[in-house]
């Protein structure tokens, strides 16, 4: 019984903590930091944040979706998660999104810091 209460309380704290994070300006800070990275690296020239298709795919609503990619000429389905997004940023030709040509995007491995990549991934998670 005590274990069940502890689990319930931990879940409630996580829920309250997430609400607090959203209301205390962290969401605004994340958006601001991500937009600075996207704008300074000209990402928004090819990618949209509102679901519109451009030269590259939109970031809107992509996190958590299954998409079709080609890797080594073989088509497969992958989940857009942290791993996929990190690879797409640092190795953009590893898994090519079906419907887009290869070699359109350069690697940002030596341009973005690991912290900037993490910021972008966290931002993509909230774009819905």
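Numbers below:
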| item | result |
| --- | --- |
| Set 72, 64, 11, 17: member being at positive phi, exposed (fewer than 13 other Cβ atoms within 10 Å of the Cβ) and at pLDDT below 95 | 72 |
| Tally of residues being in contact (Cβ under 8 Å) with a residue 12 or more places away in the chain and over 14 Å from residue 116 (Cβ atoms) across the range 32-47 | 2 |
| Condition met for residue 50 (without any contact (Cβ under 8 Å) to a residue 12 or more places away in the chain and over 23 Å from residue 31 (Cβ atoms)) | no |
| Meets criteria (farther than 15 Å from residue 61 by Cα, at pLDDT 95 or above and loosely packed, with under 13 Cβ neighbours inside 10 Å) for residue 95 | no |
| Boolean, residue 111 is closer than 24 Å to residue 30 by Cα and part of a loop (DSSP other than H, G, I, E, B) | yes |
| Check on residue 27, in a helix (DSSP H, G or I), at pLDDT 95 or above and either under 14 Å from the mean Cα position of the chain (by Cα) or surrounded by 11 or more Cβ atoms within 10 Å (Cβ to Cβ) (or both) | no |
| Qualifying residue in the range 88-95 (condition: in a loop (DSSP other than H, G, I, E, B), closer than 14 Å to residue 107 by Cα and in contact with a strand residue (DSSP E or B) (Cβ under 7 Å, 6 or more places away or on another chain)) | yes |
| Selection status of residue 80, within 14 Å of the chain's Cα centre (by Cα), buried (at least 17 other Cβ atoms within 10 Å of the Cβ), free of Cβ contacts under 8 Å to residues at least 60 places away in the same chain and closer than 16 Å to residue 120 by Cβ | yes |
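Okay, residues lined up against (1) under 25 Å from residue 32 (Cα atoms); (2) assigned to a loop (DSSP other than H, G, I, E, B):
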{"site": "54", "(1), (2)": "yes, yes"}
{"site": "62", "(1), (2)": "yes, yes"}
{"site": "68", "(1), (2)": "no, no"}
{"site": "78", "(1), (2)": "no, no"}
{"site": "85", "(1), (2)": "yes, no"}
{"site": "99", "(1), (2)": "no, yes"}
{"site": "103", "(1), (2)": "no, yes"}
{"site": "107", "(1), (2)": "yes, yes"}
{"site": "123", "(1), (2)": "yes, no"}
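The values are calculated or read from the model by the stated rules, or taken from the named source; none is laboratory data. Here the structure is a predicted model, which means the values were calculated and not measured. Every residue, glycine among them, receives a Cβ derived from its backbone with ideal geometry; neighbour counts consider all protein chains shown.
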